[in-house]
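Read-outs: derived from the displayed coordinates by stated rules, not from any lab. In this text, all values refer to a predicted model and were calculated from it rather than measured experimentally. A quick note on method: Cβ atoms are made from the backbone with ideal geometry, for glycine too, and the neighbour counts reach across all protein chains shown.
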Amino acid sequence: DSGVTQTPKHLITATGQRVTLRCSPRSGDLSVYWYQQSLDQGLQFLIQYYNGEERAKGNILERFSAQQFPDLHSELNLSSLELGDSALYFCASSVASGVGGYTFGSGTRLTVV
Amino acid sequence: DQQVKQNSPSLSVQEGRISILNCDYTNSMFDYFLWYKKYPAEGPTFLISISSIKDKNEDGRFTVFLNKSAKHLSLHIVPSQPGDSAVYFCAASAPGTYKYIFGTGTRLKVLA
């Protein structure tokens, strides 16, 4: 157990639907990062939050949004889902800037049918 | 544009031999590099890191080498063990960017 908790582990939904992925960071970590891993792809950075505020943004689609709450958990919202959104979504956390690396959760596997 | 590239999707090595995983990057601003290991159905786990002020960092059986002029880093595993079979990702970060750019991964298979 890495200390980073992601729920749900698996999610199957239809095209056009909206889902929310949840992440609880490791205790004491203020930064949360979201990454997407599609088939045979590397980990694509989506977005980072630090202590409730957005700090960095990557290749995140406009249909996707995220937030970090006062208790530091984070949610990634995916809407108007398409087949190509099927992927593993990882959350990671770090104390602050993440210079020394992140701790990853075990991921949420999203399947859009 | 893939700033961090792992050109070998897979690698097979005999148990006890050396495994060498390679990673190339294009952004000369990157100053910190990580290697992660990922088993199926698990999240990536941190393995070893190196700062651009060094050219080598060692941790047990794992050594990372950095060649800044070639924009190349490599991970050496000696001796390789069957439990090392996993997907290995390299990642790089530039100062002030607050994010790591990951490569596409290399699947290592260590044969008993």
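When A:GLU62, A:GLU75 are checked against the criterion of being farther than 24 Å from B:GLN6 by Cβ and exposed (fewer than 15 other Cβ atoms within 10 Å of the Cβ), A:GLU62 stands alone in meeting it. All told, B:PHE89 falls short of being farther than 27 Å from A:GLN6 by Cβ, in contact with a Leu (Cβ under 9 Å, 6 or more places away or on another chain) and either away from chain A (no Cβ under 12 Å) or outside any loop (DSSP other than H, G, I, E, B) (or both). Inspect all residues belonging to the range B:74-91 and state whether any of them is farther than 14 Å from A:GLY42 by Cα, over 10 Å from the mean Cα position of the chain (by Cα), among the hydroxyl-bearing types (Ser, Thr, Tyr) and surrounded by fewer than 16 Cβ atoms within 10 Å (Cβ to Cβ). Within the range B:74-91, not a single residue is farther than 14 Å from A:GLY42 by Cα, over 10 Å from the mean Cα position of the chain (by Cα), among the hydroxyl-bearing types (Ser, Thr, Tyr) and surrounded by fewer than 16 Cβ atoms within 10 Å (Cβ to Cβ). Looking at A:VAL95, A:VAL19, which is the one that is more than 12 Å from every other protein chain (Cβ to nearest Cβ), touching a residue at least 12 places away in the same chain (Cβ under 8 Å) and over 23 Å from B:TRP35 (Cα atoms)? Exactly one residue qualifies, and that residue is A:VAL19. Filtered by the rule that a residue be surrounded by fewer than 19 Cβ atoms within 10 Å (Cβ to Cβ) and under 16 Å from B:SER80 (Cα atoms), the range B:14-34 gives B:GLN14, B:GLU15, B:GLY16, B:ARG17, B:ILE18, B:ILE20, B:ASN22. When B:LYS37, B:LYS71 are checked against the criterion of being within 14 Å of chain A (Cβ to nearest Cβ), surrounded by 16 or more Cβ atoms within 10 Å (Cβ to Cβ) and free of Cβ contacts under 8 Å to residues at least 60 places away in the same chain, B:LYS37 stands alone in meeting it.
Please give the strands (runs of 3 or more DSSP E) falling wholly within the range A:5-69 in which 1 or more residues are in contact with a Phe, Trp or Tyr (Cβ under 8 Å, 6 or more places away or on another chain).
Those strands (runs of 3 or more DSSP E) span A:5-7, A:19-24, A:31-37, A:43-50, A:53-57, A:64-68.
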